[in-house]
1. Only bridges with both residues in the range B:2-226 count here: give the DSSP antiparallel percent, nearest 5.
2. Counting only heavy atoms of protein chains, what accessible area per residue, in Å², does the range B:2-226 have with a probe of 1.4 Å?
3. Which listed residue (B:Gln144, B:Ile160, B:Gln81) has the Cα farthest towards the positive end of the charge dipole for the range B:2-226, taking +1 on Lys and Arg C-beta and -1 on Asp and Glu C-beta about the Cα centre?
4. First select every other residue whose beta carbon is under 11 angstrom from the beta carbon of B:Tyr204; then total the charges, Lys and Arg +1, Asp and Glu -1.
5. How large is the direction-averaged shadow of the alpha-carbon convex hull of the range B:68-202, in nm²?
6. For A:Leu152 and B:Gln178, FRET efficiency with R0 = 45 Å and r from the beta-carbon atoms, rounded to 0.05?
7. Where in the range B:1-43 is the amide nitrogen less than 16 Å from a point lying 7 Å along the Cα-to-Cβ axis of B:Ala203?
8. Using only the Cα atoms of the range A:149-301, construct the convex hull and provide its projected area averaged over every direction, in square nanometres to one decimal.
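The values are calculated or read from the model by the stated rules, or taken from the named source; none is laboratory data. None of these values were measured; they are calculated from a predicted model. Positions of Cβ are generated from backbone atoms using ideal geometry, with glycine treated the same way; all protein chains shown enter the neighbour counts. Surface accessibility is based on the protein's heavy atoms, side chains included, excluding ligands, DNA and RNA. Shrake-Rupley method; radii C 1.70, N 1.55, O 1.52, S 1.80 Å.
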Amino acid sequence: MKKRTEGFGPVEYALFTAVTLAVLLLCICVGSVMLPLKETVAVLWNALTGADNEAYALAANILLPVRLPRVLCVALVGACLSLCGAAMQGLLKNPLADGTTLGVSSGASLGAVLAIAFGFSLPGFPLGGTMVLAISFAFVSLLLILSLAYRLDSSLSTNTIILIGVIFSMFASSISSLVITFAGDKVKTITFWTMGSLQGSSYENALLLLGALTLFGGILLWHARELNAFAVGEDNARSIGVDVRRVKLTVLIAISVLIGVCVSVSGTIGFVGLVTPHMLRSITGPNHRRLLPAALFGGACFLLLSDLLARTLLGPRELPLGVITSFVGSLVFIYIFCKARTR
Amino acid sequence: MLEVQNLTVRFGSLTIVDNISFSLAPGQWLMVVGPNGAGKTTIISAISRAVPYTGQVLFEGRDIRHQKTRELAQCMGVLSQNHYVGYGFTVEEVIRLGRYAHAPGLLGGKQHAGEALVAQAIAKTGMEPYLKQSVLTLSGGELQRTFLAQLFAQDPRLLILDEPTNHLDLVYQKQVFQLVQEWLRQPGRAVISVVHDLSLARAYGTHAILMQKGRIVSAGATQEVMTPDNLNAVYAMDVFDWMQRLYGQWAPGEGEGTL
C-alpha cells in the first residue's frame, strides 16, 4: 500500500505562506493613501534592518505606526478565529459550529462590555481587565451552552446547537444592552467596539495575539488527530482510545482563551470561524491535520481582505469590520444550513 | 480474560442491569441475547465505560476503571450498529484512526507494525478499492466494513459488537460475521456481542447469556442456554416453532412455506 503523509507538506506550507504574504502586502499598500509597492517594501526593509527611513518619511509615517500593526492584528485575529471555528466544528461534528453561532463570542463580548463599563482593569496592563473577563465569560458561556445542549439532545444535532446558541446570544446581548444603557459616557466606546474593529491596533496587541496563537493555537494543532476522531464520532473516538473528556476540556479551554483574547482586542467579529473552514474543507478535505494549518492561513487572508473592503469600500469613511464578515458569513451560513438539510 | 462481577447499571431510579456476573475466556464468542429492554446494549456500554456502573469489570485481572482510555483501547475495541460520520473523511483515514491507541499524538501513526496491521485490516475486509472514497458515499454495509477494518487495525484482544449487522442485508451480514469468526481463530482473542437474531447467535456463538429485565436467566455454552424452555420462557412465545416455520420454508425441495 502506498504511504502518504496525512498532514500539510512543505510545498503546501510554502504556497499558503506565499499567498498570505501577498495578501498582507496588498493590504499594507492599499488604503485611504495608496502606497507604491516598492516604497512599502523599502520602508519595511529599512525598519527591519534598523536603517533610516528619511527618504520615505510620509510612507513610513502611515505605514509603521498605523497600517502595519493594524494589518498584523487583522491577520492574527483572522487566524485565531478561523482555527477556533475549525476545531469547534470537528469537536462537535457540526459544520455550523463557530464562536458566533454558538454564542461564545456574545458571552465574551458581555464580559468585555462589563469590564469597560465598570472600568475593571489590571494594573500595568491596559487590556488586562477586558481580556480576563472576556476569556472567563467565553469559557463559562461555552460550558453553559454545551451542557444545556447535551441535556436536551445528547447527539448535539445542528438544530439544537444553533437554537441554544441563538437563545444564549440573545440573552448575553440583552444583558450587554442593559449594561450599555447605564454606561453613561462609555456608551460610544462600547458601541463602536461591539461592532468589531481593529482601528488603532498597536504592536502590543499584535504581540499578545501572536503569543495566544502560538500557545493555544499550538494546543489545537497538537490535537488534530483527536479532532479527526471526534469528527468521525465521539463514541468511535472513545473506542479507539481518545480520552474524550480530557481532550474536550483542553480544546474548549484553548478555544475560549483564543476567542476571549480576540474579542478583547478587536470586539465582536462574527462568522470568520464559520466561513473559512467551510471554504478550505473543499480544498484540504476534512482531515484536521491539513484543515487546521490551512485554517490559520485562510482565516488570516479572509479577514485581511474583509478589512481591506471595510477600509476602502466607502473610503475615506470606514465600515466596522464585523459588518463585512457578518454579511458574508450569514450568506455562507444559509448555504451550509440548506446543504446540510438536503443531504 | 473478561470478568464481570455484580454489574449494576441504573439510570435515575430505573435499574437497567441488575447485579449480573459472567466471564469470558480466550477463544469464546459470547452472545448476549434477550428481548428488547433486557439491558443487553447497556452491558456492552458498561464494559466499554460509556455509562457509569457499580460492581467490577476486570480485563485480564485489572479493573478497567483504573486503566487509561488508551491502554483499554489496546485491549478492547467496540463496533456499534450505527455510524453517522459528520464529514467526508476517506475510508483510509477512518481505518488509520484505529492505530490511535498504539501511537497517539500529532506525530503518531507512522510505526511499521502499525502500517502492516492497517494493510492487513484493509485486505481482510476487502476495502482496498474504496480507500480514497469518502465515507459519506458508502452503503451501510461498506461503512460497517470500514469500521470493522478500523477495529482490526486497532488490534485489540477483545471485540465488543453491538448489533453489528442490524441494518445490513444478508450479504453484508454474512461477511461481517465470517470476518469476525476468522479474526477469532487467532489465539488469545475473544468476542462479546449483542444480537437480536437468535439464528445468528446459535450459528456463531460458542457461549451465550440469556437476559430478561436486566437479569441473567441462563448462561453457559450456547446449546445449553438457547434451549426451547429457556427461550420460550423469556420471549413468552414458542420460539422454536416460530423459527422452524420461518426457516423451514427455505428447506431444499420445499416450495412455498406457510407461516
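1. Here the antiparallel bridges make up roughly 55 percent for the range B:2-226.
2. Numbers: 9090 Å² over 225 residues.
So the range B:2-226 comes to 40 Å² accessible per residue, rounded to a whole number.
3. With unit charges placed on the Cβ atoms, the residue in question is B:Ile160.
4. On the way: positive: B:Lys174, B:Arg202; negative: B:Asp197.
Its environment carries a net charge of +1.
5. Mean projected area of the Cα convex hull: 8.4 nm².
6. Numbers: r = 41 Å, r/R0 = 0.92.
It comes out at approximately 0.60.
7. Zone members listed by number: B:31.
8. 10.8 nm²
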